[in-house]
Amino acid sequence: MAFGTPSRAPARGGSPGLRFALYAIASIVVMFLDQREGWLERARFVLQAASYPLQLAVSSPTAAWSWFQESFETRDALRNENNKLRLAQRDVLLRSMRFEELARENAQLRGLRDALPPVADHWLVSEVVNVQLNSLRQRVLLNRGTANGVFKGQAVMDEKGLLGQTLHVGPWSAEVILITDPEHAVPVQVERNGLRTIAVGAGDTASLALPYLPANADVKSGDLLVTSGLGGVFPAGYPVARIAEVHRDAVQPLAQVRAIPLGRIEVDREVMLVWFRPEHPAAPGAASMADSKSGNPKIQPQVAPPKPKPTAPEPAAAPSAPAATPKATVSKPAAAPKPAPAKPPVPESAPAPTADAPKPPAREQ
Amino acid sequence: MGLDDEPRGRMLLTALIALILTVLPLPPWLEPGRPAFLVLTVLYWSIASPRAGGIALGWFGGLLLDVFQGPVLGQHALALSLVTYIAVREHQRIRYKPAVQQAMIIGAALAVYEFVVFAIDGWSGHPVTTPLRWLHVATGAAIWPFAAAFLNYSSGKRA
C-alpha cells in the first residue's frame with residue numbers, strides 16, 4: 001500500500017531525533033510537575049475548559065436521542081410513571097412523618113440545646129455527560145464546575161447511596177472518581193454493629209472489596225455499609241454498599257469480602273453534588289468536633305469535654321485530604337466512658353450537668 | 001507543490017474525528033477492544049506526510065488524551081511522541097510495505113505505546129494491571145489497513 005503524498009525529508013525544525021528529545025523532556029517535566037500535587041492545577045483547569053465543548057459535542061447525539069425518546073413518550077407510559085412516583089412519594093412522606101419528632105428526641109437524648117439541621121446543607125443536581133473518560137478506570141464527567149461552586153473532593157451521590165467524589169474540577173465540568181475505582185477507598189462502617197473498615201473499589205461498577213477485615217470479623221452477607229465519617233470527605237451515616245459475599249479461608253488471616261454498591265452509576269443520568277454543613281457533628285473533616293459535642297454528659301462522671309485532652313488520639317481530622325487513604329483513618333477513640341482526668345471545664349461547651357438530671361434540656365415541646 | 005499546507009488542515013480534522021471516536025461512549029463489552037484511533041491517525045500522518053504532522057502532532061494529541069483520560073498529564077504525550085518519532089524516522093521503509101506487514105509494524109508500535117503508558121501508570125502510582133488494556137493493540141493492528149485506506153481516501157490523492 002502506497003501513501004498518497006510523496007516522500008519528503010523532514011527538514012524543518014532540526015532533526016526528528018532532536019525534536020523528539022525536546023518533546024520527551026517537555027512531557028517528563030509536565031509529568032513531574034503534575035505529580036507534585038497542584039502545581040499544574042491551573043493548566044489542567046484551562047485544558048479541561050478547552051476540551052469541554054468537544055466532550056459536549058461527543059455526548060450530544062445520545063443526549064438528543066434520549067430527549068427525542070422522552071418527548072415522544074406515550075401518554076400511558078407517562079401516566080404509569082406518574083402513578084409510580086406518586087406512590088413512592090407517599091411512601092417517603094409517611095416514613096419522614098416522624099422525622100422531626102425523632103430528630104428532636106435524639107437531640108434531647110444527646111443533651112443538645114437545639115435539634116440539629118440535617119448534615120446535608122444543599123445539593124445540586126448534575127447531569128452525567130455521556131463521555132468515555134477512561135475505560136480502565138471508573139471515572140465520569142459531570143456538567144457542573146467551579147462556576148456552580150463545585151470544589152475538589154466533593155461528595156457525589158444519587159438517591160440510593162454514595163457514588164464518588166470530584167477529582168478534577170474545571171469551570172463547567174467536573175471529573176468524578178467513583179467509589180468503585182481501584183484507586184478509591186472510602187472509610188465505612190457496618191451499620192449493624194459499628195465495625196469500621198475501608199471499602200476499596202474493585203474496578204467494575206458492581207463491586208467493592210473490603211480487604212482489611214480479619215477472618216473472624218463480624219460481617220455477613222446482607223449487612224449494610226454506611227460511611228463512617230472518617231477520612232474527611234464524606235459525612236457519617238450515608239449508605240454505601242451492601243455486603244454480597246463473605247469468604248473465609250482457614251489459612252488466610254483476612255476475610256475476603258465483596259460488597260455491591262447501592263448507587264447505580266450505570267443507570268443514573270442525574271446525580272447530586274452535595275454540600276455539607278461544616279459545623280454539623282456528622283460533617284466530614286470535623287471528626288474531633290463530633291466527639292466533643294455528642295459525648296453524653298450523663299455517661300461521663302466529670303465534666304471533661306474530650307477536646308482539651310491532648311493525649312487522646314484525635315481521629316484523623318485530615319481536614320480536606322482528597323481521597324480517603326486507607327492509612328491513619330481506621331483508629332478512632334471510642335467515646336471514652338472512663339473517668340477522664342479532671343480538667344477545668346471549658347465554659348462555653350459545658351453547662352455543668354449534674355450527674356442525674358439533665359439540666360439543660362432541649363426545649364420541651 | 002503546496003502539499004504541506006493542504007494535509008495540515010485535513011490532518012487536524014481527521015485527528016479531531018479520531019479524538020471524538022476515542023471518547024465516544026460504547027457499550028461496556030465493546031469498550032476494551034476500542035482501537036486507539038488517535039494513535040492510528042497520528043501514525044498515519046507521520047508516515048504519509050512526516051513534515052506536516054510529525055512529533056508536534058503526536059505530542060499535542062497525546063496531551064489532549066491526557067486531559068481526557070490520563071491520571072498524569074504528559075503520559076500519553078510522551079508515549080505518542082515516542083511512536084511518532086519512530087514512525088517519522090522509518091516512514092520511508094514502512095510506506096512501501098504490503099498491508100499485512102504494515103499492520104504488524106503498527107501493532108508493534110501500538111504495543112510500544114501501550115507499554116510506555118502502562119509503565120508510567122505504574123511509576124506514578126496508578127497501576128491498572130488488567131490484561132484487557134493490551135487488547136486495543138490487536139484491534140488497532142487489525143483495523144489499520146482500513147484506517148489507512150480511509151485516511152488515504154480522505155486525503156484525496158487516490159480514490
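The values are calculated or read from the model by the stated rules, or taken from the named source; none is laboratory data. Keep in mind that this is a model prediction, so the values were computed, not measured. So basically every Cβ, Gly included, is an ideal-geometry build from the backbone, and we count neighbours across all protein chains shown.
Just give me the residues in segment A:19-55 being closer than 18 Å to A:Leu141 by Cβ and among the β-branched types (Val, Ile, Thr), in sequence order. Selection gives A:Val46 alone. One residue stands out in segment A:47-96 among those that are among the aromatic types (Phe, Trp, Tyr) and within 14 Å of chain B (Cβ to nearest Cβ): the one that is farthest from B:Gly74 (Cα to Cα), namely A:Trp65. Taken over segment B:69-79, the criterion of being buried (at least 24 other Cβ atoms within 10 Å of the Cβ), assigned to a helix (DSSP H, G or I) and within 8 Å of chain A (Cβ to nearest Cβ) is satisfied by B:Gln75, B:Ala77, B:Leu78. Note on segment A:97-183: enclosed strands (runs of 3 or more DSSP E) holding 2 or more residues that are within 13 Å of chain B (Cβ to nearest Cβ) are A:120-129, A:139-142, A:162-169, A:174-178. Scanning segment B:11-55 for residues that are in contact (Cβ under 8 Å) with a residue 60 or more places away in the chain and either among the charged types (D, E, K, R) or at positive phi (or both) yields one hit, B:Arg34.
Scan segment B:37-47 and give yes if some residue there is within 7 Å of another protein chain (Cβ to nearest Cβ) and surrounded by 22 or more Cβ atoms within 10 Å (Cβ to Cβ), otherwise no. Yes: segment B:37-47 contains one or more residues that are within 7 Å of another protein chain (Cβ to nearest Cβ) and surrounded by 22 or more Cβ atoms within 10 Å (Cβ to Cβ). Restricting segment B:110-135 to residues that are assigned to a helix (DSSP H, G or I) and facing chain A (nearest Cβ under 8 Å), the residue that is surrounded by the fewest Cβ atoms within 10 Å (Cβ to Cβ) is B:Leu132. For segment B:83-92, indicate whether the set of residues that are among the aromatic types (Phe, Trp, Tyr), within 30 Å of A:Gln138 (Cβ to Cβ) and assigned to a helix (DSSP H, G or I) is non-empty. Looking for residues that are among the aromatic types (Phe, Trp, Tyr), within 30 Å of A:Gln138 (Cβ to Cβ) and assigned to a helix (DSSP H, G or I), one finds none in segment B:83-92, hence no. Scan segment A:12-35 for residues that are at pLDDT 85 or above and buried (at least 18 other Cβ atoms within 10 Å of the Cβ) and jot them down. Result: A:Arg19, A:Phe20, A:Tyr23, A:Ala24, A:Ser27, A:Val30, A:Met31.
Just a yes or no: is a residue in segment A:206-225 outside any loop (DSSP other than H, G, I, E, B) and free of Cβ contacts under 8 Å to residues at least 40 places away in the same chain? So far as segment A:206-225 goes, yes, one or more of its residues are outside any loop (DSSP other than H, G, I, E, B) and free of Cβ contacts under 8 Å to residues at least 40 places away in the same chain.
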